[in-house]
Amino acid sequence: MTTWLGALTNLHADSIAAVLVTVATSQGSTPREAGARMVFTDAQQFDTIGGGHLEWRAAQIARAMLVADARSLPGQRRIERIALGPSLGQCCGGVVFLVFERIGRDSGPLLNALEQHWRNGTDVWRAVPLESMAATSLVEPDGLPASASLDASLFGRPGGTRIVCDDAGGRWLLDRCRAYQPQVVLFGAGHVGAAIVRVLATLPCRVIWVDEREDMFPPGLPPQISIEATDVPNAVVDLAEPGAYFLVMTHSHALDQQLSERILRRADIGWFGLIGSHTKRKQFEHRLQERGISTEQLNKMTCPIGIPGIYGKEPASIAIAVVAQLMQRWELQAQPAPRRFGANLTTQVLDGRH
């Protein structure tokens with residue numbers, strides 16, 4: 001689960017009041033993109049919208065809302081325009097519009113529904129009315145509008161979080177909560193595997209962590225890390241979803257070879273990385289070719305793994321290099337489609353009302 005949603009779920013369970021802050025839109029150079037979120041309580045903060053004085057100012061506003069009258073609109077929701085110039089001491093120079101939402105005791109069903117969408121891999125929009133006390137709605141991309149005054153086509157258009165106006169001129173935050181995350185299947189619970197999982201646990205991805213040795217897995221893993229303690233790790237290859245990313249780094253070269261062959265026989269892998277040297281790659285190429293693996297299939301195997309320029313052999317160094325390599329691929333595959341605006345849709349709600 002993403003940090004902000006996990007934080008809200010835990011805070012709600014403990015009856016701790018919180019404010020969710022969302023980057024609704026931005027102009028110019030800004031530290032985070034629209035859709036970045038952060039959670040404030042009176043004493044804690046979770047996730048980030050960019051750090052520095054921007055978060056300091058956001059914390060001021062959020063904590064003022066926590067002591068305001070929760071029955072009033074300013075105590076429930078507000079939108080703030082914040083310029084990242086000399087007044088805040090940040091050099092970005094852009095402008096961000098932040099939406100603040102007080103998360104009350106009646107938010108349990110909404111949080112549960114968001115969590116369920118995330119677990120099911122289903123994107124969903126949060127439709128938040130900014131100028132009324134009406135409840136926040138969840139709308140799937142091809143679902144019905146949250147209000148009769150909102151056009152249903154808004155939720156099916158390309159693009160992410162933004163502010164729109166309804167037919168009556170009221171402003172809404174349409175916040176796309178993306179549930180799909182890449183699946184990483186990692187074979188090996190040794191020092192390097194554990195270091196990689198520690199980094200992946202902080203990123204938007206789902207991990208299946210596989211090893212024969214059940215006692216190798218640490219306790220208290222976050223929910224996006226699934227454990228497969230199995231004597232037949234090869235079978236997990238077939239259970240992975242199409243487009244999965246595979247990492248092989250077990251305690252056995254023989255098992256590494258078996259897994260490599262099984263993975264390369266799949267035609268739908270997203271990426272496959274094998275830990276080891278150039279010498280190991282040459283050995284595996286020779287052995288796998290003898291077992292009928294083609295040159296085209298072998299070209300899908302990345303070995304050695306890790307981005308160039310990081311050559312440390314400590315588990316943490318390897319983990320950083322490998323996760324950076326995964327992130328490069330995810331960034332390329334997640335390039336957003338060009339934003340398109342309907343002729344009758346107001347997307348630039350930058351008229352000074354905040």
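Some notes on this structure:
- In Å, descending, principal axis extents of the Cα set of the range 1-113: 39, 31, 22
- Distance from the range 155-226 to the range 246-313 (C-alpha centre basis), Å: 25
- Per residue, the chain exposes 48 Å² of accessible surface when a 1.4 Å probe is rolled over the protein heavy atoms with every protein chain present.
- Computed over the chain, the quotient of the alpha carbon radius of gyration and 2.2 N^0.38 Å is 1.14.
- Ranked by the mean number of other Cβ atoms within 10 Å of their residues, highest first, the peptides 106-112, 301-307 fall in the order 301-307, 106-112.
- For the range 174-285, the convex hull spanned by the alpha carbon atoms encloses 115 Å³ per residue.
- Across the alpha-carbon atoms of the range 128-184, the computed radius of gyration and Dmax are 12.3, 46 angstrom.
- Looking at the range 157-246, the DSSP beta bridges with both ends there are about 25 percent antiparallel.
- Share of carbon and sulfur in the accessible heavy-atom surface of the chain [1.4 Å probe, %]: 52
- Cross-link reach is defined here as a Cα-Cα straight distance under 15 Å, omitting same-chain residues fewer than 8 places apart; for LYS313 none of the aspartates and glutamates meet it.
- Straight-distance crosslink candidates among aspartates and glutamates, where the alpha carbon sits under 12 Å from LYS280 and sequence neighbours closer than 8 are dropped: ASP256
- Of all DSSP beta bridges confined to the chain, the antiparallel ones make up roughly 65%.
The values are calculated or read from the model by the stated rules, or taken from the named source; none is laboratory data. Quantities reported herein were computed from a predicted structural model and do not represent experimental measurements. Reconstructed Cβ throughout: ideal geometry from the backbone, glycine too, with neighbour counts over all protein chains shown. Ligands, DNA and RNA are excluded from the accessible area calculation, which covers all protein heavy atoms including side chains. Shrake-Rupley method; radii C 1.70, N 1.55, O 1.52, S 1.80 Å.
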